[in-house]
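The values are calculated or read from the model by the stated rules, or taken from the named source; none is laboratory data. Fair warning: this is a prediction, and the values are worked out from it, not measured in the lab. Don't worry about glycine lacking a Cβ; one is built from the backbone with ideal geometry, like all the others, and counts go over all protein chains shown. We work out accessible area using only protein heavy atoms, side chains counted, and drop any ligands, DNA or RNA first. Shrake-Rupley method; radii C 1.70, N 1.55, O 1.52, S 1.80 Å.
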Amino acid sequence: MVGKTVIVGVTGGIAAYKAAELVSSLVKKGLNVHVILTKAALDFITPLTLETLAKNPVLVDEPTGSQGIYVPHIDLALKAELFVVVPATANTIAKIATGIADNLLTSTILATKAPVLLAPSMNVNMYENPITQKNIEFLKSIGFHFIEPEEGFLACGTVGKGRLPAIPVILEEIERLLCLKKDFQGKRVIVTAGGTREAIDPVRYIGNRSSGKMGFAIAKEAYKRGAQVTLIAGNTTVEPPQGVKLIRAFSTEKMRDEVLKVFPDADVVIKAAAVADYKPKTVEQSKIKKGEQNLTIELCPTVDILKELGKIKDKQILVGFAAETDQVAMNAKKKLEEKNLDLLVANDVSKEGAGFEVDTNIVSILYRNGQVEEFPLLTKAEIATLVLDRIAALPRFECQVKES
Ligand code: CTP
């Protein structure tokens, strides 16, 4: 983290005085800190305080006149490795959300490609107002980061959500954002998620209990780490992550077609989808009517998408998931070899806390050289992180980096 450049924006709220502690802490951690104040912030804190702590000039306005080629809102926007706005008022959040660049702070944010972290602090009614909430949701959806305000006594005399969290909480988030791994930058990653459905007639299908949570967590993590992600999802019960290209494919056949379209350009394919192994041999064109007799539906095998990819793979790294209930290690090893995979993430879905619909899983990762890593109960987000760590550590991943 040492030596990275952070721009701290301070807007006109009572919590502006806390920006001094933040700037001082960042400098102590060895960061290069620049501060931009809005005019309203000047009523709450002086530039001299922040300048002394930051050891860099504090800016409020763009310098006027022809003073060479130094243009702060572009220069600082390029320099920034992280932008933090502490506190962020409803007014500044609204300006950022609508692209209004009428002061140095908002114009620099508009011009930066660095991640931006906003710490809202205001009266509870202003915070909870649907306008503010809509602005925050929109900014989150395009990748802005937020620190939730805390509940408590507010300077305006009311009680509610709107207090700036303690500076150590903000510092922790800053450290997390600055240390985010970007090891998948430039990689094209395909993730499949959810369960496929095989039609019986126009109203019925054969499906499974997959929620899509594991695949979505992987897609989200890959995106965070810089990958260009295509997420091909069957039936899912949770919201897909932002920032990825989402393609819906409900049947195995459709999922196969969509995966094959993007496979030639992919670097990594992670097949977390629970794909149906069988489908009705014939799909009835009309709804099957209720009768007195038993009904038999003849099933035929679906195509094994991953096995097909294993046969045609070139530079691609292939990662499969195996849901097992018996003889996990033996079955998983067989799948790894038969499907020509680089890694296989196996889980015993019969264990408590593992498998479908829950937020946790208990997995082991199998490698081509016979190595097996076993993990305790972890959240699906944690598993996504370690699966991507393992992929990034593969020698084939390194080679892809050298080629590109
Ligand atoms: N898979 C696939 N196409 C299929 C079946 C499975 O691409 N028709 C993929 C899954 O997405 C997963 C891996 O293969 O990454 C293993 O899936 P799993 O259901 O555990 O194993 P199967 O090969 O279907 O074998 P079985 O159901 O008999 O355990």
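Our helix-only sum for the chain, with -39,500 (n - 2.57) per DSSP H run of n ≥ 4 divided by its residues, gives a mean residue ellipticity at 222 nm of -10000 deg cm²/dmol.
Springs between Cα atoms under 10 Å define the GNM used for the chain, and in it the highest mean-square fluctuation of N129, N208, N340 occurs at N129. Say the cut-off is 21 Å between C-alpha atoms; which of K55/K181; K134/K161; K271/K339; K254/K333 go over it? Correct reply: K55/K181; K254/K333.
Taken about its Cα centre, region 328-404 carries a charge dipole of roughly 300 debye when the Cβ of each Lys and Arg holds +1 and the Cβ of each Asp and Glu holds -1.
Quick check on region 294-404: take the gyration tensor over C-alpha atoms, sort the square-rooted eigenvalues as a ≥ b ≥ c, and tell me if it's rounded (a/c under 1.5), prolate or oblate. Walk me through the numbers on the way to the answer.
Details: a/c = 2.05, a/b = 1.24, b/c = 1.66.
It comes out oblate by the Cα gyration axes.
Assuming R0 = 51 Å, what is the FRET efficiency of E292 and Y367, from their Cβ-Cβ distance, to the nearest 0.05? After rounding to 0.05, the efficiency reads 0.40.
Below 8 Å, C-alpha to C-alpha, sequence gap of six or more: please give me the relative contact order for the chain in percent. Don't jump to the answer; show the numbers that get you there.
Numbers: 833 pairs, mean separation 41.2, N = 404.
About 10 percent, as a whole number.
At a 1.4 Å probe, what is the % contribution of carbon and sulfur to the accessible area of the chain? Intermediate values should be presented prior to the final figure.
Values: 10850 of 20280 Å².
In the chain, the share of accessible area belonging to carbon and sulfur is 53 percent.
For the options S25, S286, S350, a Gaussian network treatment of the chain with springs between C-alpha atoms closer than 10 Å singles out S286 as fluctuating the most. If you sort M214, M126 by accessible surface, 1.4 Å probe, largest first, the order is M126, M214.
Quote the Stokes-Einstein diffusion coefficient, in whole µm² s⁻¹, for region 168-270, based on the Kirkwood radius over alpha carbon pairs, a temperature of 20 °C and a viscosity of 1.002 mPa s.
The diffusion coefficient I find is 145 µm²/s.
Listed by chain and number, the aspartates and glutamates whose C-alpha is less than 12 Å from the C-alpha of K380, apart from same-chain residues fewer than 8 away, are E221, E357, D359.
Relative to the longest principal axis of the chain, what angle (0 to 90°, nearest 10) does the C-alpha long axis of helix 328-338 take? Taking the Cα atoms of the chain, the angle to 328-338 is about 90 degrees.
Expected output is a single nm value to one decimal: the length gained when fully extending between T325 and E308, i.e. 0.36 nm times separation in residues minus the C-alpha distance. What is it? Could you put the intermediate results ahead of the total?
Working: separation 17, 0.36 × 17 = 6.12 nm, distance 2.43 nm.
This chain segment gains 3.7 nm when fully extended.
Basic side chains Lys and Arg get +1 at the Cβ, acidic Asp and Glu get -1 at the Cβ, and with that the dipole of the chain about its Cα centre reaches some 680 debye.
Here is the size of region 5-178 from its Cα atoms: Rg then Dmax, 15.1, 50 Å.
Can you give me the relative contact order of region 5-178 as a percent, contacts being Cα pairs under 8 Å and 6 or more apart? List each step's numbers first, then the result.
On the way: 340 pairs, mean separation 38.0, N = 174.
Relative contact order here is 22 percent.
Looking at region 5-53, the trypsin sites (Lys or Arg not before Pro) that sit in a DSSP loop and have at most 16 other Cβ atoms within 10 Å of their own Cβ are K29. For region 48-155, the set of trypsin sites (Lys or Arg not before Pro) satisfying both a DSSP loop assignment and a count of at most 15 other C-beta atoms within 10 Å is given as K55, K113.
What is region 253-344 by shape, rounded, prolate or oblate, if you read a ≥ b ≥ c off the alpha carbon gyration tensor as root eigenvalues and call it rounded for a/c under 1.5, prolate for a/b larger than b/c, and oblate otherwise? Oblate is the answer for region 253-344, as a/c is 1.5 or above yet b/c matches or exceeds a/b. Over all projection directions, the Cα-based convex hull of the chain averages an area of 26.2 nm².
Roll a 1.4 Å probe over the protein chains and send me the accessible area per residue for the chain in Å². Mind dumping the intermediate values first?
Working: 20280 Å² over 404 residues.
Normalised by residue count, the accessible surface of the chain is 50 Å².
Backbone phi angles across region 150-157, fed through the Karplus curve with coefficients 6.51, -1.76 and 1.60 (θ = phi - 60°), yield HN-Hα couplings of 8, 7, x, 6, 9, 4, 6, x Hz in residue order; Gly and Pro are listed as x.
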